[in-house]
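What follows is one structure encoded as structure tokens, with my remarks underneath.
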Amino acid sequence: MSSQNGTEHPSFYDHRGKYKGIFAWILSTDHKRIGLLYFYSIILFFLTGATIGLLMKLELIAPGKTIVDAQTYNAFFTLHGIIMIFAVVIPGLPAVFGNFFLPIMIGANDVAFPRINLLSWYMYVTGVTLVVISQFTGQGPPDTGWTFYAPYSFRTAGNMIPAVSGAFVLGFSSVLTGLNFITTIHRMRAPGMTWMKMPLFPWSLYATGWVQILATPIIGITLLMVIAERVLHIGFFDPSLGGDPILYQHLFWTYSHPAVYIMILPAMGAISEIISTHSHKAIFGYPFMIASVMAIAFVGYFVWGHHMFTSGMSGTALYTFSLLTFIVAIPSAIKVFNWISTMYKGSIDLQTPFLWAVGFIFVFMIGGFSGLILGSLAANVHLHGTHFVLAHFHFILFGGTGFAFFGAAHYWYPKITGRMYDKVWANLGYLLFFIGFITLYSPMFYLGYKGMPRRYYDYDEIFHGGNILSSMGAMVLYAGIAVIVINLFISLRRGAKAPANPWGGKTLEWSIPSPPPHENFLEQPVIDKEVYDYK
Amino acid sequence: MINPSDIHRQAETAKLGMWVFLFTEMLLFGGLFIVYSVYRLRNAAAFHLAAREMSIVIGTANTIILLVSSSTIAMSITAIRKNNKRLALILTGLTVILGFLFLINKYFEWGEHFSQQIYPGSSALALRGQGDVLFFGLYFFMTGLHALHIIIGVTIIIVVMTFISRGRIHSDRYSVLENGALYWHLVDLIWIFLFPLFYLIT
């Protein structure tokens, strides 16, 4: 095996390639550099999206117009949705930590198609640029929400074409990432790494890759149809020309529900790694974790109709989608039980990533259970389109994926940067984040249950109390994000030097120096032990 | 440094990636086939009548053109395996010419429709009823997207031809040609579905 001493070999930061300066990064095909390019872009867009979110909460702090008018508010939630969904949560874990660690964790020196990998980053940047352009050109920003529902999406004066094209390009980028990961996992595993010796993060990326490939083309073609509809008036989804707007919703959610699993599956994979490492114990029920991740990916295709319970479907379709929605909760529950069983009798090291992982389980369960409430038909009719839905998916998307993203960022920070983050500030940031998160989103359950609709800039006086609480939570959360991000950046210079294996992890990335050398492994690793081989 | 078994491994990897990519392309058109089926079911009579206005002669000619072009590119792989560079160039060149022929036919076909005031957003088409609007809307969108794929495919094959003539593709290393051919077969395959949907089912 390679030397454990990190100072002996130049890291990938010091590697001298063909290009110099910034070009050594933006023209690099090294999966680690591409992962970091994604990291910086995603942090930038996440902060943009979070700032817009904060502005929306400030608008909602009192009834009536507070800081923005109705049209601006519509533009805000549209931009917030497009950026957060397509540019932050979907690429978040796979493109950053997947790119950086997938090849290392399976013992490869890069992904299967390094140049396509770089191309996917460029498509990502192009896509976001198009979305940003849509804000400042044409007849005003898009105001349809991130779902681009027909027929409004081709009737509104808002500048839809760049925004929709941007989402299309981002989808293409996602497909290329998925394609790359699947091929890499099939073809590039180190000698001895059989499928059942592969850690759970690569497994979750494998499942995610299939979802990306099988679902994204559908939204691709649907968005192209929306563009064609706007430009050429073809009539696909326009009732006045014989088209069917409900068909748009079906096509849209055929992608966008599986997309939820693109967001959460890698998060589950990263959480599995964190919990196993910090409990110093093999993951409980490893084969079941794999089976459940694949089952979620599979069943996840057949539940899209639960977004459309009130749109008009046959009774049979309603019952079927509702039943399937309940079934998809089973593998998720298996994962939660297995995480908790992994901690049981483990020797737990209460590091910051572990706190994020425990927080993940907590908020993910709240999000998951509220999903079951929404998945039952009768409750859905009452709660559809209210703040309850808003609370539910923020608990899953931001609570689930967001907690996992920051957990993974702290967990792998020593490996990526070669420095330790400041633990006190990191824990303080986590505390603020957690308190802010719960205060921001919990009141929304109540507000939604009481009937406050989503996507309005104004509300009735009776909702005032809950909204004040929620907006205050937003400020605490925002402060927490600031502490976390600033701490991570300051620790780049001030942090203590990180050893190769600060947590006592057993997966391959901990066997190489921190930060990793350009070729990842100085010698080809051969896997002869079981996965998560703790004694 | 690179030994032949590595090249072989890389070729296998590239092919796997290509197949997965082709899968996404099929799903892209799959979405359109769903839309087509839904609207065909709802406007059976109008779709039936509209399809009779299509020129079966041009459609059949284009089908034959694409089938022949698929076989020429398949043969070019055999030619390159036998290191017959000249024959491989002739066969890939033929594929490109057939691709252009397809597009020329399509140009005249679309031109004929346009001259009859049949195009998306045309008011004359709107007067004929919603079924016709949807049929021709789908027709222009799907064959248009397919024609775009033909253009991409032809571009890929032209690039492959320059590789062959420079000797970068040869009997030991022809995965680029093979993957280009796979793409071309996909373009052919999609047309095999489009042809009956718009021309034959009446």
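The values are calculated or read from the model by the stated rules, or taken from the named source; none is laboratory data. A quick note: this is a predicted structure, and the numbers were derived from the prediction, not measured. FYI the Cβ positions are ideal-geometry reconstructions off the backbone, even for glycines, and counts take in every protein chain you see.
Reported count of residues in region A:96-114, each being part of a helix (DSSP H, G or I) and under 10 Å from A:Phe181 (Cβ atoms), is 4. Return the residues of region B:119-135 that are closer than 17 Å to A:Phe236 by Cβ and outside any helix (DSSP H, G or I); say none if nothing qualifies. Those that are closer than 17 Å to A:Phe236 by Cβ and outside any helix (DSSP H, G or I): B:Tyr119, B:Pro120, B:Gly121, B:Ser122, B:Gly129. Considering only region A:174-214, state which residues are at the interface with chain B (Cβ under 8 Å from one of its Cβ atoms) and part of a helix (DSSP H, G or I). Within region A:174-214, A:Val175, A:Leu179, A:Asn180, A:Ile182, A:Thr183, A:His186, A:Arg187, A:Ile213, A:Leu214 meet the criteria. Pairing residues of region A:380-407 that are on the phi > 0 side of the Ramachandran plot with residues that are of a type in the set (Ser, Thr, Tyr) and modelled with pLDDT of 95 or more, at Cβ distances under 8 Å and at least 6 apart in sequence or on separate chains, gives no pairs at all.
Answer yes or no as to whether A:Ser165 is surrounded by 24 or more Cβ atoms within 10 Å (Cβ to Cβ) and either part of a helix (DSSP H, G or I) or within 24 Å of the chain's Cα centre (by Cα) (or both). When the stated conditions are applied, A:Ser165 does not pass them. Against the numbered list (1) among the hydrophobic types (A, V, I, L, M, F, W, C); (2) more than 30 Å from A:Pro10 (Cα to Cα); (3) surrounded by 22 or more Cβ atoms within 10 Å (Cβ to Cβ), A:Phe406 comes up short only at (2). Apart from one condition, B:Thr60 fits all of (1) within 11 Å of another protein chain (Cβ to nearest Cβ); (2) of a type in the set (Ser, Thr, Tyr); (3) closer than 30 Å to B:Tyr119 by Cβ; the exception is (1).
Only one of the numbered conditions (1) surrounded by fewer than 21 Cβ atoms within 10 Å (Cβ to Cβ); (2) within 21 Å of A:Gly53 (Cβ to Cβ); (3) among the polar types (S, T, N, Q) is violated by A:Ser470, and that is (1). Going by what's in this entry, would A:Gly436 be described as surrounded by fewer than 21 Cβ atoms within 10 Å (Cβ to Cβ), touching a Leu at 6+ places or on another chain (Cβ under 7 Å) and not polar (S, T, N, Q)? Against the criterion (surrounded by fewer than 21 Cβ atoms within 10 Å (Cβ to Cβ), touching a Leu at 6+ places or on another chain (Cβ under 7 Å) and not polar (S, T, N, Q)), A:Gly436 qualifies. Do the conditions hold for B:Leu177, that is, is it within 14 Å of another protein chain (Cβ to nearest Cβ), crowded, with 18+ Cβ neighbours inside 10 Å and among the aliphatic types (A, V, I, L, M)? It is false that B:Leu177 is within 14 Å of another protein chain (Cβ to nearest Cβ), crowded, with 18+ Cβ neighbours inside 10 Å and among the aliphatic types (A, V, I, L, M). Close Cβ contacts (under 7 Å, 6 or more residues apart or on different chains) running from residues in region A:299-326 that are within 16 Å of A:Gly368 (Cα to Cα) to residues that are not in a helix (DSSP H, G or I) comprise A:Ser322/A:Ser376; A:Leu324/A:Val303; A:Thr325/A:Val303. Go through region B:12-44 residue by residue and tally those that are of a type in the set (A, V, I, L, M), more than 7 Å from every other protein chain (Cβ to nearest Cβ) and closer than 23 Å to A:Phe237 by Cβ. So the answer is 4. Quick one: in region A:410-433, of everything that is crowded, with 24+ Cβ neighbours inside 10 Å and small (Gly, Ala, Ser), which residue is farthest from A:Gly466 (Cα to Cα)? Residue satisfying both the conditions and the ranking: A:Ala426.
A single member of A:Tyr430, A:Tyr413, A:Tyr441 is among the hydroxyl-bearing types (Ser, Thr, Tyr) and under 25 Å from A:Arg33 (Cα atoms), and it is A:Tyr413. From the list A:Ile219, A:Ile264, the one residue that fits, being crowded, with 24+ Cβ neighbours inside 10 Å and at the interface with chain B (Cβ under 10 Å from one of its Cβ atoms), is A:Ile219.
Any residue at all in region A:153-165 that is without any contact (Cβ under 8 Å) to a residue 24 or more places away in the chain, among the basic types (Lys, Arg) and at negative phi? Yes, the conditions are met somewhere in region A:153-165. Residues that are small (Gly, Ala, Ser), more than 14 Å from every other protein chain (Cβ to nearest Cβ) and crowded, with 20+ Cβ neighbours inside 10 Å are absent from region A:109-124 altogether. Residue-level check: of (1) more than 30 Å from A:Pro525 (Cα to Cα); (2) assigned to a helix (DSSP H, G or I), A:Asn117 misses just (1). How many residues does region A:222-240 hold that are at the interface with chain B (Cβ under 8 Å from one of its Cβ atoms) and in contact with a Phe, Trp or Tyr (Cβ under 9 Å, 6 or more places away or on another chain)? Total meeting the criteria: 8.
Yes/no per residue for (1) free of Cβ contacts under 8 Å to residues at least 40 places away in the same chain; (2) within 14 Å of chain A (Cβ to nearest Cβ):
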site	(1), (2)
B:Leu91	yes, no
B:Ile97	yes, no
B:Lys106	no, no
B:Phe114	yes, yes
B:Gly121	yes, yes
B:Leu134	no, yes
B:His146	no, yes
B:Ile152	yes, yes
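Can you name every residue in region B:36-72 that is under 19 Å from B:Val187 (Cα atoms) and polar (S, T, N, Q)? Once the filter is applied, which keeps residues that are under 19 Å from B:Val187 (Cα atoms) and polar (S, T, N, Q), region B:36-72 yields B:Thr60, B:Asn62, B:Thr63, B:Ser69, B:Ser70, B:Ser71, B:Thr72. What do you reckon, is B:Leu94 of a type outside the set (Gly, Ala, Ser), farther than 30 Å from A:Leu179 by Cα, in a helix (DSSP H, G or I) and touching a Ser or Thr at 6+ places or on another chain (Cβ under 6 Å)? So B:Leu94 passes the test.
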